[in-house]
Every structure is written in structure tokens, then in C-alpha cells.
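Q: Below is one structure. I have some questions about it.
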Amino acid sequence: MSTANSKQLFAEASKYIPGGVNSPVRAFKSVGGDPIFMERAKGAYLYDADGNAYIDYIASWGPMIMGHAWEPVIEAVQKAAEKSTSFGAPTEMEIELARLIVQEIPNVERIRMVNSGTEATMSAVRLARGFSGRNKFVKFAGNYHGHGDSFLIKAGSGAVTLGHPSSPGVTPGTAKDTLLAEYNDLEGLQALVAQHPEDIAAIIIEPVPGNMGCILPEKGFLEGLRKLCDDHNIILIFDEVMTGFRLGFGGVQGTFGIEADLITYGKVIGAGLPVGAYGGRADIMEYVAPNGPVYQAGTLSGNPIAMTAGYTLLKHLRDEPSVYEQMASRCMQIENGLHDLLKTKGMPYQINRIGSMISLHFTDQAVRDFDSAKLGDNQHFKDFFHNMLREGVYLPPSAYESWFLNAALSEDDISKTLEAAKRSIDKL
Ligand code: HOZ
């Protein structure tokens, strides 16, 4: 398989773009080698600049639930583009998408559209602070909430992939208001809250983390978290940028039956276009400008093309819940197949899976938090990643990222993936 064109494009990109990429994980730093430049994608397949095809297990980090270039979205986007790509004034499509979400997600009583998950989480924390009059908030080690200053402390995803979970450029003044807890450690969290009884505005969490690999909440953890927030008048923010409309239409909230006070969403709201949103309790959301004093704005917020794309996708997912069952069943086939292969090989590994999210960690310890996620053998991951890539399977280029399945994956694609995994694991 030649990747000469990708290599050339990377060399050219590196002259103009820092590191040759516009988002660090794409640079392949943690797995080594040069990134693959994509030219197009259709259904479950990516096609690179050299004409190679790959079965895609990233789905643009979640949102391509129906697969790439899904016709209903493409048609809707083309029609919307003819009417203008941006107005900077309200449009009816913003209402359609907001109404769909508010009507279907029980505790989202109001929703504000923004342009990315990062904007959504930054805005939600600012709102929680403004509403409560408190300054501090809690985040969990290894959770990633985008690249807002106050979140880049023990962050997961690209930050830890590159070995910089806490970024230079974040001032001590900002960092002091971010309190850190360990995921799945309710007692530790209770103790932390007890030390700051009147100061914590919010607890923000990836309720099912996907940025230190995929990790599942242990029994009682999310329930205990909800109760703790109620007991201390703390606003609970679920960051569902990855899990929203993916684990099921209701995201983690729907899957586990737990309601947050504020919820943040990302690119899935725009079917892969640059969109995010935050929503939740009306009393809190009405505190946002122009009704309330907490400021947040954006010319591109509620962009007509992105709203049309998101509405088309979400309406389909609401009406066709079988999409979720199909993706989960394919994901389970991958899980079972990998178990068989890795057990036969006799090497230490863990697989975490929920719905259509899955991750593989080369360690014999259960992966349940940031510390255990760090125990994975990265050399094995690197080798596995590159073996799979050569076989035409595109996995996340970091052991700290979840894999995301899409509904365009066929039985045949799953069989091909497992055959590729067999050859890849044999070579480890
Ligand atoms: N770290 C991001 C996903 N968790 C990757 C974003 C990207 O490179 O596109």
C-alpha cells in the first residue's frame, strides 16, 4: 500500500500549519509515522489521497452515525446552501432543531446552539458560575471537555496522548478554580466537595468517558454523583459531546436514567458540521443573554446549513431507534471477536464497550479511571494500530481515544475487520 501522496501532503502542510495538522491527535505522534490525508468518504469507508480504502472506526469522532456522505444530509445541505451559507440573523431551522431536542430529551427545557463542543462546555461552566455565584468547579482526571483554559488540567484525549495533560499557557489564577476528582471514585469526590462546601458551582463529567479510551461508570457512581450535587446545590453538567444521540437517542442520560442540570453536545448536533450546544433546566438557561446577565454569543451559532444537517440526522435517529441496536450488535461482534483472538494469543488486554463505543487496552488491570488507562502498553497499541492500518482498517491513532462505529458497517465489514485483526494480532 503506497501512502506517498499523504507523505507529500504532510510535508507541504507542515510548512504552513503547526505540526501539519489542525488538531493534534491527527498527527499520529503517539503511534508514530505520518498521518494519512483523506480525500473522501462514503458509508463506512474512508478513501485517502493515494486511493487506499479504510474501514472507518472513528466516524469523525462520533457524529457520522449513519456513515459518511449520507444522502439525506447531503441533499438537505445542498438545498440549504443555495439559500445562503450564513445570515447572522435568526432562521426557522434553528427552532426546528431546538424543538426536536427539547421535546425529546426530558430535562432539556431550553437549548443554545454554539459552534463546537469546546464552546458548549466553556459556556456551560460560565453559566453555572454566573447562576450560582460560586467560582470553583470539579472535573475528573482524564476527562476531556475541549480546549478551554480551565479544562486543560489533567485532560484526556489529545492532551494526554502528547504527554501534556496540563497545558502551559493556563495561568495559576485560572487553574486554582478547577478541582480534580478521580472518575469512578465517589468517596474521593464526596471528600473533595466536603472541603469546599460553599464554593463549587458545578461538577462537569463525561458520564461515559471516551477520551481516556472508553470507560464505563461503575454501579452507583453516577447515581451518587447526582445525589451529591442535589445535597450541595451544585449544578451537574453532563458533557455528552461524544455520547449524546450516540449511546441511544437520549445519550448517557437516557441509557442510565440520570438527569443532569445542564448537558453539552457537539458535532452530532450538526451531523458532523461544526456545531455544539448546551441546554438544560429552564431556570438556569434563562440566565443566559439576552434574557439573563451571563454573556455568550456568536455569528455562526445556529448556522443554517449546520442546523439543517443536524435536524435531518436527529429526526432520523428519533424515528429509527433500530439504528442503535444495529450499531451495538456490530460492536458486540467486534468485542467478542477481539476477545477470542487476544485470549488465543495469550497477551494481557482489556476491552471496554458500551453501545457503539469500544476501546482496547493492552494491560491486565481493569481500566476504570485515568490511572488505570495509563497502564496500557503503548508499544503494543502502536504495532496493532499500524498493522490494522496496513490491513485497511482506520482506528483512532491514540490508545486514549474511543472507537466509534457507524450504522453503514455491514456484516461483511465486521468480518473483514476481524480477519484483519487476526493477522494484526498474530504479528504482535
Ligand atoms: N481528540 C479529539 C477527539 N477526542 C480529536 C479531534 C480531531 O483530531 O479531530
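The values are calculated or read from the model by the stated rules, or taken from the named source; none is laboratory data. Keep in mind that what you see is a predicted model, and the values were worked out from it rather than measured. Note that each Cβ is placed from the backbone with ideal geometry, even for glycine, and that neighbours are counted across all protein chains shown.
Q: Any residue at all in the stretch 295-315 that is touching a Leu at 6+ places or on another chain (Cβ under 7 Å), within 30 Å of Phe221 (Cα to Cα) and either acidic (Asp, Glu) or in contact (Cβ under 8 Å) with a residue 60 or more places away in the chain (or both)? Can you show your working first?
A: Residues of the stretch 295-315 touching a Leu at 6+ places or on another chain (Cβ under 7 Å): 305-307, 309-311, 314-315.
Cutting the leftovers down to within 30 Å of Phe221 (Cα to Cα) gives us 314.
Subset that is either acidic (Asp, Glu) or in contact (Cβ under 8 Å) with a residue 60 or more places away in the chain (or both): 314.
Yes, that holds for at least one residue.
Q: Let me ask another. What's the number of the only condition in (1) in contact with a Gly (Cβ under 9 Å, 6 or more places away or on another chain); (2) at negative phi; (3) within 13 Å of the ligand (Cβ to nearest atom) that Met93 fails to meet?
A: (3) is the only condition that Met93 fails.
Q: Inside the stretch 106-141, can you point out the residues that are part of a strand (DSSP E or B) and away from the ligand (no atom under 16 Å from the Cβ)?
A: Of the residues in the stretch 106-141, the ones part of a strand (DSSP E or B) are 110-114, 136-140.
Of everything in the stretch 106-141, those that are part of a strand (DSSP E or B) and away from the ligand (no atom under 16 Å from the Cβ) turn out to be Arg110, Ile111, Arg112, Met113, Val114, Lys136, Phe137, Val138.
Q: Just give me the residues in the stretch 1-30 being crowded, with 16+ Cβ neighbours inside 10 Å and within 13 Å of the ligand (Cβ to nearest atom), in sequence order. First the steps, then the outcome.
A: Step one: list which residues in the stretch 1-30 are crowded, with 16+ Cβ neighbours inside 10 Å, which gives 3, 5-7, 9-10, 13, 20-21, 24-30.
Correct list: Gly20, Val21, Pro24, Val25, Arg26, Ala27, Phe28, Lys29, Ser30.
Q: Can I ask one more? Looking at Ala76, Ala13, Ala53 in this structure, which one is aliphatic (A, V, I, L, M) and over 28 Å from Leu313 (Cα atoms)?
A: On the way: Ala76 fails: over 28 Å from Leu313 (Cα atoms); Ala53 fails: over 28 Å from Leu313 (Cα atoms).
Criteria check complete, one pass: Ala13.
Q: Another one. Restricting the first residue to the stretch 53-70 and requiring it to be free of Cβ contacts under 8 Å to residues at least 60 places away in the same chain, which pairs with a second residue that is part of a strand (DSSP E or B) meet a Cβ separation below 9 Å and a spacing of at least six or different chains?
A: That search, which allows pairs on different chains as well, returns Ala69/Arg40; Ala69/Ala41; Ala69/Lys42; Ala69/Gly43.
Q: Taking only the stretch 169-210 into account, find how many residues are among the polar types (S, T, N, Q), exposed (fewer than 11 other Cβ atoms within 10 Å of the Cβ) and at pLDDT 95 or above.
A: Final tally of qualifying residues: 1.
Q: List the number of the failed condition for Ser84; all other conditions in (1) within 16 Å of the ligand (Cβ to nearest atom); (2) on the phi > 0 side of the Ramachandran plot hold.
A: Condition (1) is where Ser84 drops out.
Q: Condition first: over 11 Å from Tyr394 (Cβ atoms) and surrounded by fewer than 17 Cβ atoms within 10 Å (Cβ to Cβ). Now tell me which residues in the stretch 47-59 satisfy that.
A: Taking the stretch 47-59 as the starting set, the residues that turn out to be over 11 Å from Tyr394 (Cβ atoms) are 49-51.
Matches in the stretch 47-59: Gly51 only.
Q: Could you say whether any residue in the stretch 332-354 is away from the ligand (no atom under 16 Å from the Cβ) and in contact with a Gly (Cβ under 7 Å, 6 or more places away or on another chain)?
A: The answer is no, given that none of the residues of the stretch 332-354 is away from the ligand (no atom under 16 Å from the Cβ) and in contact with a Gly (Cβ under 7 Å, 6 or more places away or on another chain).
Q: More than 16 Å from the ligand (Cβ to nearest atom) and touching an Asp or Glu at 6+ places or on another chain (Cβ under 6 Å) - does that describe any residue in the stretch 72-81? Before you say what the answer is, go through the steps one by one.
A: Filtering the stretch 72-81 for residues more than 16 Å from the ligand (Cβ to nearest atom) gives 72-81.
Cutting the leftovers down to touching an Asp or Glu at 6+ places or on another chain (Cβ under 6 Å) gives us none.
Scanning the stretch 72-81, I find no residue that is more than 16 Å from the ligand (Cβ to nearest atom) and touching an Asp or Glu at 6+ places or on another chain (Cβ under 6 Å), so the answer is no.
Q: Residues of the stretch 207-242 being in contact (Cβ under 8 Å) with a residue 40 or more places away in the chain, assigned to a loop (DSSP other than H, G, I, E, B) and closer than 18 Å to Val114 by Cβ, which ones? Don't jump to the end; show me each part of the working.
A: Step one: list which residues in the stretch 207-242 are in contact (Cβ under 8 Å) with a residue 40 or more places away in the chain, which gives 207-216, 218, 228, 233-235, 237, 239, 241-242.
Cutting the leftovers down to assigned to a loop (DSSP other than H, G, I, E, B) gives us 207-216, 218, 233-234, 241-242.
Result: Val241, Met242.
Q: Looking for whichever is in contact (Cβ under 8 Å) with a residue 12 or more places away in the chain and more than 27 Å from Gly130 (Cβ to Cβ) here; the options are Gly270, Gly250, Gly257. Which one fits?
A: Residue meeting the stated conditions: Gly250.
Yes/no matrix, rows are residues, columns are (1) surrounded by fewer than 22 Cβ atoms within 10 Å (Cβ to Cβ); (2) over 22 Å from Leu9 (Cα atoms); (3) modelled with pLDDT of 95 or more; (4) touching an Asp or Glu at 6+ places or on another chain (Cβ under 6 Å):
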position: Tyr45; (1), (2), (3), (4): yes, no, yes, no
position: Gly62; (1), (2), (3), (4): no, yes, yes, no
position: Ser84; (1), (2), (3), (4): yes, yes, yes, no
position: Pro90; (1), (2), (3), (4): yes, yes, yes, no
position: Ile101; (1), (2), (3), (4): no, yes, yes, no
position: Pro106; (1), (2), (3), (4): yes, yes, no, no
position: Arg110; (1), (2), (3), (4): yes, yes, yes, no
position: Ala128; (1), (2), (3), (4): no, yes, yes, no
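Q: Hey, another quick one. Sort out which residues of the stretch 372-409 are touching a residue at least 12 places away in the same chain (Cβ under 8 Å) and closer than 12 Å to Ile215 by Cα, and write them in order of number.
A: Within the stretch 372-409, Ala373, Tyr400, Glu401, Ser402, Trp403 qualify.
Q: Which residue is nearest to the ligand (Cβ to nearest atom), if the candidates are limited to the stretch 379-428 and must be within 17 Å of Met332 (Cα to Cα) and of a type in the set (Val, Ile, Thr)?
A: Result: Thr417.
Q: Return the residue satisfying two criteria in turn: it lies in the stretch 142-157 and is touching an Asp or Glu at 6+ places or on another chain (Cβ under 9 Å) and within 16 Å of the ligand (Cβ to nearest atom), and of such residues it is modelled with the lowest pLDDT.
A: Residues of the stretch 142-157 that are touching an Asp or Glu at 6+ places or on another chain (Cβ under 9 Å), as a first pass: 142-146, 148, 150, 156-157.
When the remaining residues are screened for being within 16 Å of the ligand (Cβ to nearest atom), the result is 142-146, 148, 156-157.
Details: Gly142: 95, Asn143: 96, Tyr144: 95, His145: 97, Gly146: 96, Gly148: 95, Gly156: 73, Ser157: 70.
Per the criteria, the residue is Ser157.
Q: If you scan the stretch 212-250, which residues turn out to be within 16 Å of the ligand (Cβ to nearest atom) and among the small types (Gly, Ala, Ser)?
A: If the condition is that a residue be within 16 Å of the ligand (Cβ to nearest atom) and among the small types (Gly, Ala, Ser), then Gly213, Gly244 are the ones that fit.
Q: Report whether or not Pro197 is assigned to a loop (DSSP other than H, G, I, E, B) and either among the hydroxyl-bearing types (Ser, Thr, Tyr) or under 20 Å from Gly254 (Cβ atoms) (or both).
A: Numbers: assigned to a loop (DSSP other than H, G, I, E, B): yes; either among the hydroxyl-bearing types (Ser, Thr, Tyr) or under 20 Å from Gly254 (Cβ atoms) (or both): no.
Considered against the rule, which asks whether it is assigned to a loop (DSSP other than H, G, I, E, B) and either among the hydroxyl-bearing types (Ser, Thr, Tyr) or under 20 Å from Gly254 (Cβ atoms) (or both), Pro197 comes out as no.
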